[in-house]
Amino acid sequence: MYRVSMWTAVLLFCCGAVRGQVPESGRWQELRFSADAVDSQVEDRYIERVVGLAADGKLDDDPVLLARLRAISAGLIRAAIALKPEAAQWQWELHTTSDPEVDAVCMAGGKILVGSAFVRQLAADDGELATLLGHEVAHAVAEHARETLSEAFLLARRPPLPLDVLLERLDTDLSLQIRLSDLSSMQESEADQLGMVLAYRAGWPPVAMVRFYAKLAAQESAALIADHPAAASRLSMAKGMALLLGADAPLAAAP
């Protein structure tokens, strides 16, 4: 397993951040860990998670849903690579799980996990699933995990913490999570918008995207919404983005 030493962390801090830019929006980011280091750490955690789910009999136990998601994700991945060419080198991977605690996530480097219970809760059609996956893929394309870890490094730099410790802190340190909440909220909004762009470029109609966010608004307690912007504002954003994307179908078709 890859580890960043304490001295590496100090060197990263002393040398200053690398300037990154989010595709499509052009927003600048300060990134203090390399993409390879973050991807390696996240891949280890992803493997550990899917192995645990498999041991519990909760991995890929809905083959029909798995096939649907993999077919839908293929177009989204092509759209992601068009926006971020280095994503062609990622080892993209998608699994489903019946663990009710999992909604949907795409980790750095293209590691996707989708909860079948969440999909059933939304009764999502393929266009709505494309919106869900587009949002998650957008997080990876925008390197939100790398950005969050870089900000966490600055907030918790005394003493400077190595990457693996920071990952653990992000999971367990409530005070750090609170201090990162503004960044997290901004990233979620950005993933909503970039995800719709990816879904649209993958050939999905904007009206399906609006339907997805309408369903989230109708199920305010859904797990995916817990640490995201208010569902009503996400729906408003989706309608505006649909107009910008040139929706052909009337927005009134959304529930």
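The values are calculated or read from the model by the stated rules, or taken from the named source; none is laboratory data. What you are looking at is a predicted structure, and each value in this text was computed from that prediction instead of being measured. Here the Cβ is made from the backbone with ideal geometry for all residues, glycine too, and neighbour counts use every protein chain on show.
Per-structure values
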{"item": "All positions within region 107-155 that are charged (D, E, K, R) and either surrounded by fewer than 20 Cβ atoms within 10 Å (Cβ to Cβ) or in a helix (DSSP H, G or I) (or both)", "result": "Arg120, Asp125, Asp126, Glu128, Glu136, Arg146, Glu147, Glu151"}
{"item": "Matching residues, region 196-211, being in a helix (DSSP H, G or I) and either of a type in the set (A, V, I, L, M, F, W, C) or out of contact with any Phe, Trp or Tyr (no Cβ under 7 Å at 6 or more places or on another chain) (or both)", "result": "Met196, Val197, Leu198, Ala199, Tyr200, Arg201, Val207, Ala208, Met209, Val210, Arg211"}
{"item": "Residue within region 246-255 that is over 17 Å from Glu24 (Cα atoms), at pLDDT 90 or above and in contact with a Lys or Arg (Cβ under 6 Å, 6 or more places away or on another chain) present", "result": "no"}
{"item": "Test for Leu176: is it over 18 Å from the mean Cα position of the chain (by Cα), free of Cβ contacts under 8 Å to residues at least 40 places away in the same chain and surrounded by 21 or more Cβ atoms within 10 Å (Cβ to Cβ)", "result": "no"}
{"item": "Conditions (1) of a type outside the set (A, V, I, L, M); (2) within 20 Å of Glu151 (Cβ to Cβ); (3) exposed (fewer than 13 other Cβ atoms within 10 Å of the Cβ); number of the one not met by Arg27", "result": "(3)"}
{"item": "Residue among Leu180, Leu198 that is under 21 Å from Trp28 (Cβ atoms) and touching a Gly at 6+ places or on another chain (Cβ under 8 Å)", "result": "Leu198"}
{"item": "Tabulated pairs, region 43-63, first touching a residue at least 40 places away in the same chain (Cβ under 8 Å), second aliphatic (A, V, I, L, M) and surrounded by 15 or more Cβ atoms within 10 Å (Cβ to Cβ), C-beta under 6 angstrom, 6+ apart or interchain", "result": "Tyr46/Met107; Val50/Leu59; Leu53/Leu59"}
{"item": "Test: residue in region 48-68 that is of a type in the set (A, V, I, L, M, F, W, C), at pLDDT 95 or above and touching a helix residue (DSSP H, G or I) at 6+ places or on another chain (Cβ under 6 Å)", "result": "yes"}
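Residue-by-condition table, conditions (1) hydroxyl-bearing (Ser, Thr, Tyr); (2) at pLDDT below 90; (3) within 22 Å of Leu83 (Cα to Cα); (4) buried (at least 16 other Cβ atoms within 10 Å of the Cβ):
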{"site": "Tyr200", "(1), (2), (3), (4)": "yes, no, yes, yes"}
{"site": "Pro206", "(1), (2), (3), (4)": "no, no, yes, yes"}
{"site": "Lys215", "(1), (2), (3), (4)": "no, no, no, yes"}
{"site": "Ala223", "(1), (2), (3), (4)": "no, yes, no, yes"}
{"site": "Ala231", "(1), (2), (3), (4)": "no, yes, no, yes"}
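Listed here are the residues, each with its yes/no results for (1) assigned to a helix (DSSP H, G or I); (2) surrounded by fewer than 19 Cβ atoms within 10 Å (Cβ to Cβ).
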position: Arg49; (1), (2): yes, no
position: Leu53; (1), (2): yes, no
position: Leu66; (1), (2): yes, yes
position: Ala71; (1), (2): yes, yes
position: Ile77; (1), (2): yes, no
position: Ala82; (1), (2): yes, yes
position: Glu86; (1), (2): yes, yes
position: Gln91; (1), (2): no, yes
position: Val105; (1), (2): no, yes
